Amino acid sequence: MSLVVGEEVRVLHQGRPVLDGVSLSVDTGITGLLGVNGAGKSTLLRALAGVAPPRGGAVRIGGHDPYGADSRRSALRLLGYVPQQLEAPPTFSVADHLLHLCWLKEVPRRERADAVGRALAAVDLTDRASARLGTLSGGMRQRASIAQALLTDPQVLLLDEPTTGLDPHQRAELRALVQRLGADRTVLLATHIVEDVEYVADHLVVLHGGRVRFDGPTSELAARVEAGDGPSDGPSAGPGAGPGGGAVGGRLERAFLRLVVGG
């Protein structure tokens with residue numbers, strides 16, 4: 001059974017559809033949710049995370065409805081959601097912020113210190129536990145945001161544009177972290193950066209205009225570009241090759257652009 005399922009999800013804004021009957025099924029491993037800005041990615045993640053109820057369709061997390069009175073707690077127990085911005089007082093230390101979130105997430109008091117320790121270790125921030133959030137670099141703030149989602153050791157992670165605003169080195173570090181987290185979890189990574197999904201995602205969902213335009217293996221979309229249509233070698237042909245192991249490179253970006261803008 002897929003842990004994340006959306007069935008004909010529909011969301012309106014000022015009477016216009018932001019999501020227009022979106023269906024997807026996300027299995028263990030890393031699935032990329034790729035789309036240009038305004039495609040509806042953040043709206044979809046919010047709907048899946050139990051934050052913004054859709055106007056139509058259904059959402060299931062591990063078979064549980066995150067909007068059902070009797071099933072919401074079971075659904076959210078499986079789920080870790082990382083929004084685009086880490087909203088926290090900059091004067092809080094990383095550890096104090098996570099302890100406060102343990103309380104909000106109803107982690108039993110006797111388990112909170114261990115939960116914080118595990119989350120910090122998972123994102124390589126143990127040595128920054130006492131640092132104030134306002135002093136962290138952009139990459140460290142993103143890792144702290146992911147740490148809060150890991151406090152309950154969820155089976156599902158929803159990541160909304162986690163590499164936006166980071167420099168190339170920070171982006172590479174964060175992609176490596178996502179790969180580790182996706183080894184034994186279901187991860188849905190929303191991004192507009194083709195390179196992010198190229199490196200880490202076996203499966204890809206392309207969202208455009210509030211609808212799914214592609215849903216399948218990442219290599220399948222890249223293969224839509226003919227061998228003679230430009231260079232086929234790219235960054236994934238080298239040591240940083242994506243999970244598919246093929247030379248995807250610029251082919252994936254060109255195929256994506258053809259889907260969404262006819263490029």
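The values are calculated or read from the model by the stated rules, or taken from the named source; none is laboratory data. Computed from a predicted structure; not experimentally measured. Reconstructed Cβ throughout: ideal geometry from the backbone, glycine too, with neighbour counts over all protein chains shown.
Data overview
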item: Residue within the range 13-28 that is at pLDDT 95 or above, crowded, with 18+ Cβ neighbours inside 10 Å, outside any helix (DSSP H, G or I) and among the polar types (S, T, N, Q) present; result: no
item: Qualifying position, being in the same structural domain as residue 159 (by TED's automatic domain parsing), among the acidic types (Asp, Glu), over 19 Å from residue 38 (Cα atoms) and at pLDDT 90 or above, among 215, 202, 229, 233; result: 202
item: Complete set of residues in the range 149-173 that are over 20 Å from residue 47 (Cβ atoms), at pLDDT below 95 and crowded, with 22+ Cβ neighbours inside 10 Å; result: 163
item: Answer residue from the range 125-146, given it is outside any helix (DSSP H, G or I) and among the small types (Gly, Ala, Ser) and is farthest from residue 99 (Cα to Cα) among those; result: 137
item: Selected residue (criterion: farthest from residue 79 (Cα to Cα)) from residues of the range 165-200 that are touching a helix residue (DSSP H, G or I) at 6+ places or on another chain (Cβ under 9 Å) and of a type in the set (S, T, N, Q); result: 170
item: Qualifying residue in the range 170-184 (condition: outside any helix (DSSP H, G or I), under 16 Å from the mean Cα position of the chain (by Cα) and among the acidic types (Asp, Glu)); result: yes
item: The one condition in (1) surrounded by fewer than 12 Cβ atoms within 10 Å (Cβ to Cβ); (2) touching a helix residue (DSSP H, G or I) at 6+ places or on another chain (Cβ under 9 Å); (3) not in a loop (DSSP other than H, G, I, E, B) that residue 91 fails to fulfil; result: (3)
